[in-house]
Amino acid sequence: MSDTYQTIANSPMGKALFNAINLPIPVILERWQPGQKSFISGRVLVGAAPGSSAVDTVFATLKGAPEAQPAVLANTGNASDLQKQAAAVGVSADNYTATKEDDSKFKALVFDATGIETPEQLKALWEFFHPVIKKLDKCARVLVIGRTPETLGGAARVAQRGLEGFTRSVGKEIKRGSTVQLVYCDAGAESQLAAPLHFFLSPKSAYVSAQVVRVGASGFDADAFDWDKPLAGKKALVTGGSRGIGASIARVLARDGAEVTVLDIPPMAEDLNKVAEEIQGQTLELDITSDEAPRVIAEAARKMGGLDILVHNAGVTRDKMLGNMPENFWDMVLNINIASQLRINEQLVADGALGDGGRIVSISSIAGIAGNLGQTNYGTSKAAVIGMIDTYSEEYADKGITVNAVAPGFIETQMTAAIPFTIREAGRRMNTMNQGGQPVDVAETIAFFASPAAQGLSGNVVRVCGQMMLGA
Ligand code: NAD
């Protein structure tokens, strides 16, 4: 669905008018383009607090971005050490001196804060970001890497928790389509930062901002990985794949090399076939709430030679204030949006149809985090999805199966097109990007979790909401 306000605001006349009367101009976000060779292009300033351990992986990952120009801040104490670390992985980093007069722009600022152990040492954030935060390019990326607070104690845990407030506040200050994220990394898991660096520094994360993910150790080897076709040889199933976000997920997983089966209810067969044809995939016409659904999906998975990626996208809303809500509205939403997912997971994992190292990614919602008027049923189901992530990421850890969720905010689909105009406009603008997201923004985030490169990420919930003000 198109956003007329954004189109007018970005026309030459509209821009002049909107600026004159001080109305926000939602930036046209840079998104991943087919054939794009470098996951980031432009200057990338890298810094680190003393005693930090992730900067080697940052430089090694940037080596895979031919159009990135790494640099370090000349006026910080450890600039020459950082340059040596860059050189050790074959990267040459410029020495950059920040002055008020200098008008260079940065496509990304990356700060390794893993070494911060006290609240006093948090000042390293100010020292790095203060001279350069106003020098961000359009649709730039800010990334802070911290040490997972739950793995620490005392002042270090306190200080590391502080990084969340820093990044979320930065997100509200940077404009023009820029994003900020915090990645907490366990000690010894630094090599696993390659996947979040690739995703969060690239245009694939255009509408993701102010998110926190946790990365743990795994055997994934970034050097021997094909980042252009990350899902080559993988088999994926996407429920609710005939339209909207589900169809977009199917397209992105196929683009990344997966063989995709799209599932939807029989009345959606025509649309389902169109999507399957486009991506050269398979179809499965099935109601996921039916008694036979887990068995039918398991059989289909076995015929495919086993499933690697299961995306629970099918979902419905049946809104009514609680006092007016009929019983069938409650039952339907809870059954489709969560109960059926548990039944399907259990069957697929129990009989090995989703093999070791598999991926389960489910779609939650901002309504499951912040709650929403008229959506007690939907909010319950989408919060329960987060419960599923918490529980099964632990339960399936020994099989190497990761379980993560993506929580969309306002996404331009048929679901949101049906919302009355004034409520729709409010929902669309209530985020730091001043616009709704596109289905592809959710799909890219799903593909990030579905990748073998994300083996170290399980139990995460990433919001795709442009830093929505609700539930932040
Ligand atoms: P949509 O209505 O366009 O698509 C949902 C699909 O699920 C449909 O094709 C539908 O036929 C299918 N489906 C419904 N019940 C099913 C069943 N019992 N068995 C099999 N398939 C079934 O919705 P969308 O906007 O693309 O949303 C996709 C997911 O994203 C949903 O889980 C939704 O709750 C979630 N979400 C969407 C938004 C948004 O802004 N659009 C925001 C937050 C979360």
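No value in this document is a laboratory result; all are computed from the given coordinates. Just so we're clear, the structure is a prediction, and the values are computed from it rather than from any experiment. Cβ coordinates were reconstructed from backbone atoms using ideal geometry, including for glycine residues, and neighbour counts include every protein chain displayed.
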Using r as the Cβ-Cβ distance of Ile28 and Asp223, and R0 as 41 Å, what FRET efficiency do you calculate, to the nearest 0.05?
0.70
Once Glu270 and Glu285 are pulled to full extension, the length gained, defined as 0.36 nm per residue separation minus their Cα-Cα distance, is 4.4 nm
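For n ≥ 4 DSSP H runs only, could you compute -39500 (n - 2.57) per run for the chain, divide by its residues and tell me the 222 nm figure to the nearest 500? Display every interim value, and only then the final one.
Numbers: 17 runs with 170 residues, N = 472.
Result for the chain: -10500 deg cm²/dmol, rounded to the nearest 500.
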Ordered by packing density, taken as the mean number of other Cβ atoms within 10 Å over each peptide's residues, highest first, how do 450-461, 75-86 rank?
450-461, 75-86
Taking neighbour counts of Cβ atoms within 10 Å as a proxy for exposure, in what order, fewest first, do Thr99, Thr7 appear?
Thr99, Thr7
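Could you sort 104-112, 194-202, 218-226, 160-168 so that the peptide with the highest average Cβ count within 10 Å comes first and the rest follow in order?
Values: 104-112: 23.0, 194-202: 25.3, 218-226: 13.6, 160-168: 18.1.
My ranking of the peptides, most packed first, is 194-202, 104-112, 160-168, 218-226.
How would you rank Trp227, Trp126, going from fewest to most other Cβ atoms within 10 Å of each one's own Cβ? Working shown, then result.
Working: Trp227 16, Trp126 11.
By the 10 Å Cβ count, ascending: Trp126, Trp227.
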Pairing the Cα long axis of helix 79-88 with the longest principal axis of the chain, what angle in degrees results, from 0 to 90 and rounded to the nearest 10?
60 degrees
Roughly how many whole Å is it from the C-alpha centroid of the stretch 132-182 to that of the stretch 429-472?
16 Å
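Summing +1 for each Lys or Arg and -1 for each Asp or Glu, what net charge is found among the other residues whose Cβ lies under 15 Å from the Cβ of Met430?
That sum, taken over residues with Cβ under 15 Å, equals +2.
Where does each of 146-152, 403-409, 266-272 land if you order them by average Cβ count within 10 Å, highest first?
Numbers: 146-152: 19.6, 403-409: 26.7, 266-272: 14.6.
The peptides rank, most packed first, as 403-409, 146-152, 266-272.
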Can you compute the FRET efficiency between Arg302 and Gln36 using 1/(1 + (r/R0)^6), with r the Cβ-Cβ distance and R0 = 35 Å? Round to the nearest 0.05.
0.45
Starting from the Cα-Cα distance between Ala20 and Thr422, subtract it from 0.36 nm times their residue separation and give me the gain in nm to one decimal.
142.3 nm
For Lys274, list the lysines whose Cα falls under 23 Å from its own Cα; do not include residues on the same chain fewer than 8 positions away.
Lys234, Lys235, Lys303
